[in-house]
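Notes follow the structure.
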Amino acid sequence: MDRITLRLPPDLTRRFDAAAAGQGGRSRLLRRLMESAAQASLPTREEGPPTVRSGKLTLRLGETDLRLLEVEATAVGLSRTQWSVALIRRRLHDRPQFSRPEALALIEVRRELGRIGVNINQIARALNTAVMDGVVLDLELAQLGAFQAEISAWVDALGEAFEGNLAYWAPAS
């Protein structure tokens, strides 16, 4: 037999207990209410794309483990929940999970790398239009192209590292 557990405010629990007292107790009244609800026709849903829902995970830890979790989370500036979510996501997606300050710092690094890439493109454009000896110009352009490709690769790698992080740290809308 399945078991359903829920938390109720004390006032609602007292009122439910009072109603259930004359009907065989909490379990019997709750079972009867659920059977009645299950008999009612369910509202029809329009078929569409499946909705993505988040779920709740509850953990029970011993006092020592809970204290260690608190120490680890505090050390990186996260709550216990944020730290646990980051750890689980790291394991499930094999990607690093960053604290908010780390994420913000890496976002700024990515922006700066993008700006450097733009500057390199502007330098390359200027070299293309400059009057230089053809051999020197080709070497300079090749070197700049290599720099630009390397920076682009690093910017892309930073973007990949953020997959799964940006959505978590983005403010809820």
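Numbers below:
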| item | result |
| --- | --- |
| Selection from the range 105-128 of residues that are more than 30 Å from the chain's Cα centre (by Cα) and either within 9 Å of Val155 (Cα to Cα) or of a type outside the set (Val, Ile, Thr) (or both) | Asn119, Asn121, Gln122, Ala124, Arg125, Ala126, Leu127, Asn128 |
| Qualifying residue in the range 68-79 (condition: at pLDDT 85 or above and open to solvent by less than 40 Å² (accessible area, probe 1.4 Å)) | yes |
| Residue match in the range 99-107 (condition: open to solvent by less than 80 Å² (accessible area, probe 1.4 Å), under 25 Å from Glu150 (Cβ atoms) and not in a helix (DSSP H, G or I)) | no |
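The values are calculated or read from the model by the stated rules, or taken from the named source; none is laboratory data. Since we're looking at a predicted model, the values are computed, not measured. Positions of Cβ are backbone-derived with ideal geometry, glycine not excepted, and every protein chain shown enters the neighbour counts. Ligands, DNA and RNA are stripped out before the accessible areas are found, and what is left, the full protein with its side chains, is counted by its heavy atoms. Shrake-Rupley method; radii C 1.70, N 1.55, O 1.52, S 1.80 Å.
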